[in-house]
1. Does any residue of region 98-108 turn out to be of a type in the set (Lys, Arg) and within 18 Å of ALA215 (Cβ to Cβ)?
2. Across region 64-74, what is the number of residues that are buried (at least 17 other Cβ atoms within 10 Å of the Cβ) and either hydroxyl-bearing (Ser, Thr, Tyr) or without any contact (Cβ under 8 Å) to a residue 40 or more places away in the chain (or both)?
3. Looking at GLN176 and the list (1) modelled with pLDDT of 80 or more; (2) buried (at least 18 other Cβ atoms within 10 Å of the Cβ); (3) polar (S, T, N, Q), which single condition is not satisfied?
4. What pairs come up if the first residue lies in region 130-153 and is in a helix (DSSP H, G or I), the second is small (Gly, Ala, Ser), and their beta carbons are under 6 Å apart, counting only those six or more places apart or on different chains?
5. Which condition breaks for ALA70 when tested against (1) touching a strand residue (DSSP E or B) at 6+ places or on another chain (Cβ under 6 Å); (2) not in a helix (DSSP H, G or I)?
6. Residues in region 108-129 that are surrounded by fewer than 18 Cβ atoms within 10 Å (Cβ to Cβ) and outside any helix (DSSP H, G or I): how many?
7. Look at region 197-220 and say how many of its residues are surrounded by fewer than 20 Cβ atoms within 10 Å (Cβ to Cβ) and either modelled with pLDDT under 95 or more than 15 Å from GLN98 (Cβ to Cβ) (or both).
8. Filter region 154-172 down to residues that are charged (D, E, K, R) and in contact (Cβ under 8 Å) with a residue 60 or more places away in the chain and give me whichever is surrounded by the fewest Cβ atoms within 10 Å (Cβ to Cβ).
Amino acid sequence: MPDTLTTASSTSSAIDFLRTRSLTNVVQAEIERMIIDGEFQPNERVNENGLSQRLGVSRGPIREACSALAAIGLIEVIPNRGFFVRALSADEAQDLSQARASVFGCITMMLAEHVTDTQIATLRGLLQKMDDMVALGDVHYYYPVNLEFHRQLGLMCGNKRINTVYQSFVRELHIQRYRALSSPDVLHISNAEHKEIVDALEARDPARALIAGRAHILNGLARTRKAAERPAEAKVARRKVAKA
């Protein structure tokens, strides 16, 4: 009888653990979405009580989710203060973007060596969706399709290790990438670069695909810098108006 009770207790504990982990994963995905969508700003404290009420969960899964997001670089843990949305320095963002450019160029080069017509059709479909979003001029609609396009390229390249490394860079640079596309006038430029990548893939030209893939990420870095300059320029303009 004691053995039966012990087994039942162990099984119950295992089920409770799995339920908690599953809930934590859901909460983690939602907090990550909020960070990407700008609901949390860099350096902003994550309000555990507020999230608990909003998501209808206890603070335990929220803490676990934040710890997981800290492990991938989206959140920073400050002792005795709590969880804060991580803000990358300009140097950190540049280093990550340059590393990401090299890995992404490798992904597109490798894919060009074995890409199928079906994969090209999938990528062309995503290009068309992004063209439709460009017409709307709203990054909120464009960005998720942009993410899917890049995700598909990583999966299609066929090398899980390289894709894992690439996705780790992607997560850390989410906020910077979103802001790089925050101006409607750059969306068509971004998608034109996507088209050049797909054209190179369809031509089965690894060298051209490498150049197109790497250039796309480096151009995105330049767009991020320009996006960061806009608020400062606006602030200077407001000061000039105030003095006039």
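1. Yes: one or more hits.
2. Residues in region 64-74 being buried (at least 17 other Cβ atoms within 10 Å of the Cβ) and either hydroxyl-bearing (Ser, Thr, Tyr) or without any contact (Cβ under 8 Å) to a residue 40 or more places away in the chain (or both): 1 in total.
3. Unmet for GLN176, out of (1) modelled with pLDDT of 80 or more; (2) buried (at least 18 other Cβ atoms within 10 Å of the Cβ); (3) polar (S, T, N, Q): (1).
4. VAL139/SER182
5. It fails just one condition, (2).
6. Qualifying residue count, region 108-129: 3.
7. 11
8. ARG171
The values are calculated or read from the model by the stated rules, or taken from the named source; none is laboratory data. Only a predicted model underlies this, so the values are computations on that prediction, with no experimental measurement involved. Cβ: placed from backbone, ideal geometry, glycine included. Neighbour counts: every protein chain shown.
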